[in-house]
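Notes follow the structure.
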Amino acid sequence: MKITKTDIPDVLVIEPNVFQDERGFFLESFNVRAWREATGLETVFVQDNHSCSNHGVVRGLHYQVESVQGKLVRVVRGEIYDVALDLRRSSPTCGRWTGVLLSEANKRLCWIPAGFAHAFMALSETADVLYKTTDYYAPEHERSICWDDPDLAIDWPLPANAVLSEKDRRAVPFREAELLP
């Protein structure tokens with residue numbers, strides 16, 4: 001596997017080894033030993049999630065103020081623009097975001113550590129996103145930041161086509177968000 005740091009060094013892009021031939025392909029989407037060797041991280045995942053989104057759907061920017069989650073994100077069908085926003089008060093990159101294109105074609109994964117808000121926009125007709133989390137979903141601790149906050153200026157590929165949930169329509173601007181230690 002190949003690991004590339006984004007412009008926020010704690011957010012990683014993972015390119016797995018893909019074995020492809022006339023039958024199709026094979027890849028290991030996660031191997032704890034290879035993960036530890038490549039990243040130096042002792043990560044324990046406790047939950048796997050699968051979401052399916054239609055074209056233009058934006059999910060996020062979501063995070064939890066307790067039971068803070070790290071996420072390992074991949075796309076098995078379609079294409080998304082995946083965004084991580086640093087919410088760690090103690091971090092020199094607090095308030096900065098980074099974005100990565102993830103797709104079934106490029107087979108990349110994105111590691112978003114605990115302390116970040118996460119969002120993605122579905123760019124294909126449908127997008128199936130699988131992600132592992134390092135802590136359990138805790139709805140009472142979930143928060144949401146406006147995906148289109150002008151102070152963040154996230155460069156979304158399809159800003160005029162966003163389809164949001166009611167929860168994401170009620171999201172707060174970054175300046176009102178609860179930051180993390």
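A short reminder: the numbers here are calculations on the coordinates, not readings from a lab. All values derive from a computational prediction rather than experimental measurement. FYI the Cβ positions are ideal-geometry reconstructions off the backbone, even for glycines, and counts take in every protein chain you see.
Pull out a ≥ b ≥ c, the square roots of the eigenvalues of the alpha-carbon gyration tensor of segment 1-134, then state rounded if a/c is under 1.5, prolate if not and a/b is larger than b/c, and oblate in the remaining case. Note, shape of segment 1-134 comes out oblate.
Which whole-number percent gives the relative contact order of the chain, counting Cα pairs below 8 Å spaced six or more residues apart? Present the calculation step by step, with values, prior to reporting the outcome.
Details: 418 pairs, mean separation 52.3, N = 181.
Reported relative contact order: 29 percent.
Among residues other than T98 with Cβ under 12 Å from its Cβ, the summed charge is -3 (Lys and Arg +1, Asp and Glu -1). Comparing V44, V11, V68 in a Gaussian network model of the chain, where Cα atoms under 10 Å apart are tied by springs, the biggest mean-square fluctuation is seen for V44.
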